[in-house]
Amino acid sequence: QLARHASRARRLPGVQGRTLALIRWVAVIGQLATVWGVSGILEFPLPVIECLAVIGALAFSNLWLSARSGRSVRLTDYHAALLLGFDLFQVSGLIYLTGGLTNPFAVLLAVPVTVAATVLSRRTTVALTVLALFCTTFLAFFFLPLPWQGTFSELPRIYVVGLWASLAVLILFTAGYVWSVADESRGRDAALAEAEAALQMHRRAERNKL
């Protein structure tokens, strides 16, 4: 029976609510610091109110998650995927307001996919990867331009296509590689748990003989 439970643990990935909440709080703090640094220190005329509204949406959703998730509550694959999908749209909205793929922080689109590949199932990781590629493609064509040197200048289209291709490759490679490594680790853990369960059963049988 213990071996059966260990085998099921590999097939039912998930993540603790407090772990995902901690990752999202780090994202909130990082986004606030970046907007403050770019607008306050570098003095870029960003749409600060809109950016704060988008960041506030992430903070509000994380307050809800923190309130619903206790110390040991483990989110299902489905619910974790919904939250990470929301995170993809949230960071996409922030990047849309700040230059699209011309924004160096566009690489953050790969973060929710990386988290999914680490702890969630292959099907969920594939779905979030497709969503990330959709967001990346959208941001290659639709965005509010960043003001460079006080003017709104547009980068060459071929350069934007190159940014899109590099980000798409990053998302695909990260999702595939991280999921493979995480799945291999889960397999080793399940095999170890099965071996320990078999050893316990053997010891119990030996004691019964005595």
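Just so it is clear, none of the values below were taken in a lab; they were calculated from the coordinates. Please read all numbers here as calculations on a predicted model, not as lab measurements. Reconstructed Cβ throughout: ideal geometry from the backbone, glycine too, with neighbour counts over all protein chains shown.
Of note:
- Using 0.36 nm per residue and subtracting the Cα-Cα separation, the extra length available between residue 78 and residue 158 on full extension is 25.0 nm.
- Stretch gain in nm, segment residue 200-residue 173, where the contour uses 0.36 nm per residue and the Cα spacing is subtracted: 5.7 nm
- Amide proton proximity set for residue 103, modelled H, under 5 Å, gap of 5+: none
- Efficiency of FRET from Cβ geometry, residue 25 and residue 130, R₀ 25 Å, rounded to 0.05: 0.40
- Across segment 80-93, computed HN-Hα scalar couplings (Karplus, 6.51 cos²θ - 1.76 cosθ + 1.60, θ = phi - 60°) run 5, 5, 4, 5, 5, x, 4, 4, 5, 5, 5, 5, 5, x Hz from first to last residue, x flagging Gly and Pro.
- The Rg/Rh ratio of segment 20-147, with both radii computed over alpha carbons and Rh defined as the Kirkwood radius, is 0.98.
- Under 5 Å between amide hydrogens, built in the peptide plane, is the criterion, and for residue 75 it picks out 15, 16, 17 among residues at least 5 positions away or on other chains.
- Residue-wise HN-Hα couplings along segment 51-58, as the Karplus relation 6.51 cos²θ - 1.76 cosθ + 1.60 with θ = phi - 60° gives them from phi, are 4, 5, 5, 5, 5, x, 5, 5 Hz; Gly and Pro carry x.
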